[in-house]
1. Of all the residues that make up segment 159-180, how many are loosely packed, with under 14 Cβ neighbours inside 10 Å and either at pLDDT 85 or above or under 22 Å from Q17 (Cα atoms) (or both)?
2. Of (1) modelled with pLDDT of 80 or more; (2) within 19 Å of G184 (Cβ to Cβ); (3) in a loop (DSSP other than H, G, I, E, B), E74 satisfies all except one. Which?
3. Those residues that are at pLDDT 85 or above and crowded, with 19+ Cβ neighbours inside 10 Å, I need them from segment 45-65; list them, please.
4. Consider M185 against the criteria (1) part of a loop (DSSP other than H, G, I, E, B); (2) in contact with an Asp or Glu (Cβ under 9 Å, 6 or more places away or on another chain); (3) on the phi < 0 side of the Ramachandran plot: it satisfies all of them except one. Which criterion is unmet?
5. Considering only segment 11-37, state which residues are surrounded by fewer than 11 Cβ atoms within 10 Å (Cβ to Cβ) and closer than 16 Å to E181 by Cβ.
6. How about segment 122-168: which of its residues are hydroxyl-bearing (S, T, Y) and more than 18 Å from L41 (Cβ to Cβ)?
7. What are the pairs with Cβ atoms under 9 angstrom where one residue, in segment 31-52, is more than 30 Å from N65 (Cβ to Cβ) and among the acidic types (D, E) and the other, located anywhere, is at pLDDT 85 or above and crowded, with 16+ Cβ neighbours inside 10 Å? Sequence gap at least six, or different chains.
8. So Q163 fits all but one of (1) over 24 Å from E37 (Cβ atoms); (2) in a helix (DSSP H, G or I); what number is the exception?
Amino acid sequence: MATATKQVTATTRLKSQYVTKIAPALQKELDLTNPHEVPRLEKIVINVGLGKAKDDKKLMEVATNTLRKITGQEPIQTTARMSVASFKLREGNKIGLKVTLRGEKMYEFADRLINIVLPRLRDFHGVSAKAFDRQGNYSLGLTEQSVFPELSFDETTTPHGMQAIFVIKAKEQAHSRALLEKLGMPFEKEAK
């Protein structure tokens, strides 16, 4: 006799906040009639460019470990698509790593990035409001990985930067910005 076990999945704090408070508030604020028009996060892509990795193999291992710890997923290695002689780069060289986060992991990472990591940055005055592309996606760059609390001091001795791209499904840039502001993204104050 087989019994069905019910798997309980915990909803992250930011996702439940989005569903219960943020989405209805955005729909009202942006004057949208259809609830499917409300802007939402589709995925977060974390990218680490490691041009120096062709000379230093340890850097690729350090960056792989970093991404694995801060995202909870195994990163994919990216390779050069074409050869560039001036960069001493050959087609097929491993030049970076990327991770795509969706669902619960995406909201959990966004929550940690916005509420824990960004406030820990030295001389932080807010993120740039000019980093939106035409589709409304937002790019955020970090110069080093030591601000993530999951990493120990030994894991941050070889510094490397990373880029996080928030892929947002929205009608326009203003809607994307409104979503990120509601999620708590600390945009820098505009100078008057």
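1. Kept after step one, since they are loosely packed, with under 14 Cβ neighbours inside 10 Å, are these residues of segment 159-180: 159, 171, 174.
With the extra rule that they be either at pLDDT 85 or above or under 22 Å from Q17 (Cα atoms) (or both), the set shrinks to 171, 174.
Looking only at that region, the number is 2.
2. All conditions pass for E74, except number (2).
3. Matches in segment 45-65: I46, N47, V48.
4. (2)
5. Hit for segment 11-37 is K28, nothing else.
6. We begin by selecting, within segment 122-168, every residue hydroxyl-bearing (S, T, Y); these are 128, 138-139, 143, 146, 152, 156-158.
Those that are hydroxyl-bearing (S, T, Y) and more than 18 Å from L41 (Cβ to Cβ): S128, T143, S146, S152, T156, T157, T158.
7. Matching pairs, first to second residue: E37/Q27; E37/L30; E37/A170; E37/H175.
8. (2)
The values are calculated or read from the model by the stated rules, or taken from the named source; none is laboratory data. Bear in mind that the values here come from a model prediction, so they are computed numbers and not experimental data. When we count neighbours, we look across all protein chains shown, and the Cβ atoms used for this are built from the backbone with ideal geometry, even at glycine.
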